[in-house]
Amino acid sequence: MRRFESSRPSHTVARNTFLRGNELNRKVRTLEEELKVFSGNSNRELAEEICQYLNIELGGILISKFSDREIYCQVQENVRGRDVFIIQSTCSPVNDNLMELLIMIDAFKRASAKRITAVMPYYGYARQDRKDKPRVPITAKLVADLLSAANTDRLLTMDLHAPQIQGFFNIPVDHLFAAPVIVDYIAKSNLPDLVLVSPDAGGVERTRAYAKRLNVPISIVDKRREKPNVAEVLHIIGDVEGKTAFIVDDMVDTAGTLTQTAQALKEGGAARVYACASHPVLSGSAIQRIEESVLEKVVMTNSIPFSERAKRSPKLIHLSIAPLFGEAIKRIHDNASVSSLFL
């Protein structure tokens, strides 16, 4: 009697072929399909520059506000299983930008993104990193807790006000430095008799790192801060007589400290005074103070977008950190080393 031949093996072959096809599709998936970069409203221009470096399109996301100013967010493309990077500096308006970031993170987590990296070129609330007075908050830790509670998988940031803020997180933190970008500019400027100046004792390590790359001496300005945004310059430690003094700082907020430091250097005999900072907060009358000061140029990165007023100022130099962050994002996505990008 002839045995009946089952058709099951042919189904198995078809199924295996289908699985191999899916595996092949996964292997040839492009970088843009695997890696997704999105931006909030705080620094979209930088996000677009980063995407140009990566040769991908900026992801589609709708962010708006209800009439009572609550933030609404909707991801407008599929991110299931994708490696998502959200670019958002928590600059002014700080609270809106921070809340916007948290809401975006929650949206991507609920959209089943594989990994969410918060890319914060400027980490707001970082100045309150310890209890220096009774009954004050540690907001740098609070923001770290908020990011973790929102299910952020990783943080990418630059020039934290205090490096130990990395320890406030229980997730991986990649801490970049603007030094490669700024040092390259200083080196190409060929300034004579250059001396780098730390505006306070806390910035000595940063200034020394810049000076080591440029092979120049450093000086320190001793100051005493009586209250927030007000600083009193006391005296200069080091030789600046007849030299080009270049102040190295992490941020410029009201520019009160910066302009007082520049004036003290000039009175101390410096021939010319320049400055650089990673983060151009530039609040209040900061730009006017800089333009009326003895400073010749102030070099800053675009971790925070320049206002139209700042763009028109002849004393402010704008450097892009897009290649630095673009390369860091690419290496994080590829699980490659990021350490060579550190100072």
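Of all the residues in the stretch 63-76, those that are closer than 22 Å to residue 143 by Cα and in a loop (DSSP other than H, G, I, E, B) number 2. Looking only at the stretch 311-322, residues that are more than 12 Å from the chain's Cα centre (by Cα) and surrounded by fewer than 19 Cβ atoms within 10 Å (Cβ to Cβ) come to 8 in all.
Considering the stretch 146-186, the residues that are polar (S, T, N, Q) and outside any helix (DSSP H, G or I) include one that is farthest from residue 84 (Cα to Cα), namely 170. For residue 242, the conditions (1) on the phi > 0 side of the Ramachandran plot; (2) buried (at least 23 other Cβ atoms within 10 Å of the Cβ) are fulfilled apart from (2). Restricting attention to the stretch 111-133, the residues that are out of contact with any Phe, Trp or Tyr (no Cβ under 7 Å at 6 or more places or on another chain) and under 22 Å from residue 329 (Cα atoms) add up to 10.
Counting the residues of the stretch 67-116 that are touching a strand residue (DSSP E or B) at 6+ places or on another chain (Cβ under 7 Å) and among the small types (Gly, Ala, Ser) gives 4.
Give all pairs with beta carbons closer than 6 Å in which a residue from the stretch 252-270 that is under 14 Å from residue 298 (Cα atoms) and assigned to a loop (DSSP other than H, G, I, E, B) meets a residue that is modelled with pLDDT of 90 or more and of a type in the set (A, V, I, L, M, F, W, C); count only pairs at least 6 apart in sequence or on separate chains. Close Cβ pairs (under 6 Å, with a partner that is modelled with pLDDT of 90 or more and of a type in the set (A, V, I, L, M, F, W, C)) amount to 253/281; 254/286; 255/286; 255/290.
If you check 273, 298, 294, which single one turns out to be over 25 Å from residue 123 (Cβ atoms), crowded, with 21+ Cβ neighbours inside 10 Å and over 15 Å from the mean Cα position of the chain (by Cα)? Checking each option against the conditions leaves just 273. Scanning the stretch 77-101 for residues that are over 19 Å from residue 58 (Cα atoms) and in a helix (DSSP H, G or I) yields 94, 95, 96, 98, 99.
All of (1) surrounded by fewer than 16 Cβ atoms within 10 Å (Cβ to Cβ); (2) touching a Gly at 6+ places or on another chain (Cβ under 9 Å) hold for residue 88 with one exception: (1). Residues in the stretch 148-167 that are among the hydrophobic types (A, V, I, L, M, F, W, C) and under 20 Å from residue 328 (Cα atoms): 155, 156, 158, 160, 165. Taking the listed residues 113, 107, the one that is under 17 Å from residue 36 (Cβ atoms), in a helix (DSSP H, G or I), more than 16 Å from the chain's Cα centre (by Cα) and not aromatic (Phe, Trp, Tyr) is 107, with no other qualifying.
Counting only residues that are polar (S, T, N, Q) and under 18 Å from residue 278 (Cα atoms), the stretch 243-267 holds 4 of them.
Per-residue answers, yes or no, for (1) of a type in the set (Lys, Arg); (2) over 22 Å from residue 327 (Cβ atoms); (3) crowded, with 16+ Cβ neighbours inside 10 Å:
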residue	(1), (2), (3)
131	yes, yes, no
151	no, yes, no
173	no, no, yes
186	no, no, yes
192	no, yes, no
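When the stretch 326-343 is examined, which residues are found to be surrounded by 15 or more Cβ atoms within 10 Å (Cβ to Cβ) and either within 14 Å of residue 84 (Cα to Cα) or of a type in the set (Gly, Ala, Ser) (or both)? Hits for the stretch 326-343 are 326, 328, 329, 330, 331, 332, 333. Under the condition of being of a type in the set (S, T, N, Q) and either touching an Asp or Glu at 6+ places or on another chain (Cβ under 6 Å) or closer than 19 Å to residue 266 by Cβ (or both), the residues counted in the stretch 287-312 number 2. Taken over the stretch 196-212, the criterion of being free of Cβ contacts under 8 Å to residues at least 60 places away in the same chain and in contact with a helix residue (DSSP H, G or I) (Cβ under 9 Å, 6 or more places away or on another chain) is satisfied by 196, 198, 200, 205, 206, 210.
Results for (1) of a type in the set (A, V, I, L, M); (2) modelled with pLDDT of 95 or more; (3) part of a strand (DSSP E or B); (4) within 21 Å of residue 291 (Cβ to Cβ), shown as yes or no for each residue.
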{"residue": "188", "(1), (2), (3), (4)": "no, yes, no, no"}
{"residue": "195", "(1), (2), (3), (4)": "yes, yes, yes, no"}
{"residue": "202", "(1), (2), (3), (4)": "no, no, no, no"}
{"residue": "216", "(1), (2), (3), (4)": "yes, yes, no, no"}
{"residue": "242", "(1), (2), (3), (4)": "no, yes, no, no"}
{"residue": "250", "(1), (2), (3), (4)": "no, no, yes, no"}
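Residues of the stretch 284-310 that are at pLDDT 95 or above, part of a helix (DSSP H, G or I) and of a type in the set (D, E, K, R): 289, 291, 292.
The values are calculated or read from the model by the stated rules, or taken from the named source; none is laboratory data. Computed from a prediction, not measured in an experiment: that's the story for all the values here. All Cβ positions, even for glycine, are placed from backbone atoms using ideal geometry, and neighbour counts span all protein chains on display.
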